[in-house]
Structure formats: C-alpha cells, structure tokens
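The values are calculated or read from the model by the stated rules, or taken from the named source; none is laboratory data. Quick caveat: nothing in here was measured; it's all calculated off a predicted structure. Cβ: placed from backbone, ideal geometry, glycine included. Neighbour counts: every protein chain shown.
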Amino acid sequence: MMSNHFHMIASTPRGNLNEAMWYFMGQTSRDIAKASGRINQMYGSRYYKSMITCDHYYQLAYKYNYVNPVKAGICRRAEDYPYSTLHALLGLSHLMIPVEKDRLLFDNVEGTLNWLNEGVEEKDWRDV
C-alpha cells in the first residue's frame, strides 16, 4: 500500500475479480478515511489488472510489488516498508488481510530478500 495506490497479486478461482476489487477498494478507502480523517478520494482511479500467465511474469510482478517503495525513495530495502505484506510476512508488523503462503519467499528467505534488493534494469519493468 502506497499513499495513493497499491499493488496486489491475487487469484480469483471464481472469476469475480471486479466484485472483489470493488469491495476491497471501497472498504479500505472507508477504513483509511476514518482512521486518518481524510475526506477526499483515496485511490486515483479504478484498478488496473494484468493476467499472470507464466512464472517469469509472476517473478517480475512479485518483485515490482515489493520494490515499488524503494523505487519511490521511501525506504532503502523492500523489507523495510511497514505497509507491505512482505514486512508482515517477515514478522515485522501485523498482517490485517489473509494471504496464502508465500512459497517464493519462504523457500529461501535470505536469497529472496537479496534478489528483491538487487538492482533492477528499467527494461525489466516494461514487462510488468
């Protein structure tokens, strides 16, 4: 979760992504507005979706999601961003939404963190 947008990798076995995203964005927008006293729209626009069809694309999307705060200059390492699922999965904060087991991370935590924090070429992001 960033200040005005979020990145998410989700599966929808029922094919009801529109319904799920409508609920998620509406509920989080209301909750954040209530907690912060904001009255303006939380998200800049409707969500953008992209179908992940292969492992290579999944890995690019996974890395993009977690490295986004680093690219924005908010933190130095992906695991340092407190509003990330990664931060919570590592036990550094409380996770407020249910998530599936992160096989990529927990197969090799140190290796995955090193991979996330190594430099990324701009051309790699064009595929995401």
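Taking each residue of the range 58-71 that is in the same structural domain as Phe6 (by TED's automatic domain parsing) and looking for partners that are at pLDDT 90 or above with beta-carbon atoms closer than 7 Å, six or more apart or interchain, yields nothing.
Restricted to helices (runs of 4 or more DSSP H) entirely inside the range 49-122, those with at least 2 residues that are modelled with pLDDT of 85 or more are 55-71, 85-89, 109-117. Entry remark, the range 58-86: residues being more than 13 Å from Asn117 (Cβ to Cβ) and over 11 Å from the mean Cα position of the chain (by Cα) number 7 in total. Scanning the range 72-89 for residues that are surrounded by 15 or more Cβ atoms within 10 Å (Cβ to Cβ) and of a type in the set (A, V, I, L, M) turns up Ala78, Leu86, Ala88, Leu89. Applying the condition of being closer than 16 Å to Pro98 by Cβ, small (Gly, Ala, Ser) and surrounded by 12 or more Cβ atoms within 10 Å (Cβ to Cβ) to the range 3-33 and asking which residue is modelled with the highest pLDDT yields Ala20.
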